[in-house]
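**Student:** One structure, pasted below without further comment.
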Amino acid sequence: MISRRFLLGGLSAIAAVPGCAGAPDRSPRPPVVARGSATSEALVARSGVTGTVAFAVADASGRMLDGRGADVALPPASTAKAITALYALDRLGAGHRFGTSLVASGPVRGGIVQGDLWLVGGGDPTLDTDGLDDMAAELAAQGVRGVTGRFMAYGGALPFIDEIDRGQSIDANYNAAISGLNLNFNRVYFAWGAGGAAVSLDARSGRVVPPVTMARMRVVGRSSPTYTYDAGQGVDNWTVAQAALGRGGNRWLPVRQPDSYAGDVFRWLAARRGVALPAPVVTRSAPSGTVLLTHSSPPLSEILQDMLKYSNNMTAETVGLTASRQGSLTASGAAMGQWVAAKYGASVDLRDHSGLSGASRVAPSQMVRVLVGAQADPAGRALRGLMKDEGLFDAGGREHLSDTLRIKAKTGTLSFASGLVGYASAGGTERVFAILSADLARRDAMSDSDTRPAGSSTWIRNARILQSRLIETWVG
């Protein structure tokens with residue numbers, strides 16, 4: 001069985017100014033020292049974390065208690081999703097649901113749509129094959145058996161973005177496309193036998209395994225690169241090096257043309273229910289006609305909780321774009337930054353909503369300012385409850401939940417960049433913190449195709465251990 005949370009777990013890896021009614025009164029920014037306490041400095045010195053280690057910690061009122069380079073802006077990585085969650089809660093509301101609809105351009109007579117049938121995406125980041133199958137079943141239950149016109153796939157509710165960050169490897173499934181019509185977090189399941197035998201691509205879910213025709217894989221007799229990609233007319237054309245396939249296996253690959261993907265899969269599901277549809281036509285022209293049925297997503301609060309837990313990039317970008325109504329990730333990230341300034345009086349430089357872009361910059365003092373302000377805001381107060389319970393890392397890099405210290409936080413990881421931001425409490429002591437570390441020189445030395453640079457894993461492990469020791473010092 002494949003559930004939505006299974007799909008999410010597989011993804012874990014690494015404008016006009018919006019109105020801000022009800023923004024809190026400004027308070028003077030507390031001075032932040034460049035050097036931390038003697039205890040925290042000693043922890044940093046023996047951590048083995050090269051580059052820059054910056055942090056800020058405050059009490060629940062926002063009074064700064066300790067800081068080190070707290071005004072130094074560093075890549076936030078996925079800790080940026082905490083800001084995205086606040087933004088979406090404020091702009092859309094915790095109860096917001098995304099809808100995916102089937103629209104008929106003409107009446108239904110004798111089971112046949114007199115005209116075109118449209119699959120219309122509303123930006124739902126959680127739509128999976130089971131959801132599409134439910135829509136196909138309901139369409140068949142209404143007595144629809146076919147159309148006289150075309151079958152249209154429309155994702156124009158959001159801009160089409162073929163990948164979140166250009167600096168990632170082409171096969172990174174956490175760097176999928178974005179559209180108003182998304183499916184299975186815009187990933188396709190690739191499986192193969194020994195040496196590349198029995199290659200298949202499908203859109204599997206908990207109930208059914210639809211084959212996919214809009215994505216094609218060709219095994220090539222080479223050793224590198226492992227994958228190549230080329231976009232055809234509505235088709236994702238992949239090649240894979242035979243030398244990399246070994247004895248057989250499987251993995252998820254990103255989908256670069258999500259409207260075509262969703263249309264392809266729905267057509268197969270509809271045929272399975274006795275509804276004959278022609279090949280999908282992808283369009284960005286808005287539909288008109290009668291809504292036959294609508295599939296609704298879970299409420300936004302549940303979507304955000306999963307986003308924070310599994311650090312899903314595609315979800316972050318989709319909800320952020322929905323909140324901003326901007327035409328690109330750059331413009332949308334900037335709009336969110338403007339909202340942060342107006343709402344919380346903090347300054348951030350965000351190039352997207354997921355933190356996948358290494359060009360984004362946030363200072364720990366500014367992140368703490370946002371997290372403190374969120375607790376005084378009706379919408380933002382929900383963030384703490386939506387955050388994941390984080391554990392403490394021992395000296396060997398093994399994580400465990402503490403019996404006495406509770407951490408509700410968001411992690412962030414890029415190569416040679418690590419962050420942890422959130423709330424910590426123990427014995428009545430409450431702390432709001434942001435810890436960001438990055439070795440920018442080593443990041444700059446990486447090539448675009450270097451997904452696992454030498455030394456990065458050890459660096460990240462040391463950064464996580466340091467985060468735990470700092471928090472224990474602050475909430476001891």
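**Student:** Only one of VAL372, VAL348, VAL368, VAL362 is in contact with a helix residue (DSSP H, G or I) (Cβ under 6 Å, 6 or more places away or on another chain) and modelled with pLDDT of 95 or more; which?
**Tutor:** VAL348
**Student:** Identify, by number, the condition in (1) touching a Pro at 6+ places or on another chain (Cβ under 8 Å); (2) among the β-branched types (Val, Ile, Thr); (3) not in a loop (DSSP other than H, G, I, E, B) that THR100 doesn't meet.
**Tutor:** (1)
**Student:** Counting only residues that are part of a strand (DSSP E or B) and either at positive phi or not polar (S, T, N, Q) (or both), how many does the stretch 227-253 have?
**Tutor:** 13
**Student:** Between a residue in the stretch 385-411 that is among the hydroxyl-bearing types (Ser, Thr, Tyr) and any residue that is outside any loop (DSSP other than H, G, I, E, B), which pairs come within a Cβ distance under 6 Å, given they are 6 or more apart or on different chains?
**Tutor:** These pairs meet every condition: SER402/LEU392; THR404/ALA426; THR411/LEU420.
So that you can scan it fast, the table gives a plain yes or no per residue for (1) modelled with pLDDT of 95 or more; (2) buried (at least 17 other Cβ atoms within 10 Å of the Cβ); (3) under 19 Å from SER354 (Cα atoms); (4) under 21 Å from the mean Cα position of the chain (by Cα):
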position: ASP389; (1), (2), (3), (4): yes, no, no, yes
position: HIS400; (1), (2), (3), (4): yes, no, no, no
position: LYS408; (1), (2), (3), (4): yes, yes, yes, yes
position: ALA424; (1), (2), (3), (4): yes, yes, no, no
position: SER447; (1), (2), (3), (4): no, no, no, no
position: ALA454; (1), (2), (3), (4): no, no, no, no
position: ARG469; (1), (2), (3), (4): yes, yes, no, no
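**Student:** Residues being closer than 19 Å to PHE160 by Cβ and either part of a helix (DSSP H, G or I) or among the hydroxyl-bearing types (Ser, Thr, Tyr) (or both): count how many of those fall in the stretch 182-219.
**Tutor:** The total comes to 0.
**Student:** Could I ask something else about it? Which members of the stretch 57-75 meet the condition of being in contact with a helix residue (DSSP H, G or I) (Cβ under 7 Å, 6 or more places away or on another chain) and assigned to a loop (DSSP other than H, G, I, E, B)?
**Tutor:** Result: GLY62, ALA70, ASP71.
Conditions tested, residue by residue: (1) over 29 Å from ASP165 (Cβ atoms); (2) among the aromatic types (Phe, Trp, Tyr); (3) not in a strand (DSSP E or B).
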{"site": "SER402", "(1), (2), (3)": "yes, no, yes"}
{"site": "LYS408", "(1), (2), (3)": "no, no, no"}
{"site": "GLY419", "(1), (2), (3)": "no, no, no"}
{"site": "GLU430", "(1), (2), (3)": "yes, no, no"}
{"site": "ARG452", "(1), (2), (3)": "no, no, yes"}
{"site": "THR458", "(1), (2), (3)": "no, no, yes"}
{"site": "ILE465", "(1), (2), (3)": "no, no, yes"}
{"site": "GLU472", "(1), (2), (3)": "yes, no, yes"}
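**Student:** In the stretch 197-216, what count of residues is obtained for those that are at pLDDT below 95 and touching a helix residue (DSSP H, G or I) at 6+ places or on another chain (Cβ under 6 Å)?
**Tutor:** Final tally of qualifying residues: 3.
**Student:** Across the stretch 220-253, what is the number of residues that are hydrophobic (A, V, I, L, M, F, W, C) and crowded, with 18+ Cβ neighbours inside 10 Å?
**Tutor:** Number of matching residues: 5.
**Student:** Only one of ASP134, ASP90, ASP130 is within 30 Å of VAL340 (Cα to Cα) and of a type in the set (D, E, K, R). Can you tell me which?
**Tutor:** ASP90
**Student:** Same structure again: Restricting the stretch 168-196 to residues that are out of contact with any helix residue (DSSP H, G or I) (no Cβ under 9 Å at 6 or more places or on another chain) and not β-branched (Val, Ile, Thr), which is surrounded by the fewest Cβ atoms within 10 Å (Cβ to Cβ)?
**Tutor:** ALA194
The values are calculated or read from the model by the stated rules, or taken from the named source; none is laboratory data. Here the structure is a predicted model, which is why all the values come from computation and not from measurement. A quick note on method: Cβ atoms are made from the backbone with ideal geometry, for glycine too, and the neighbour counts reach across all protein chains shown.
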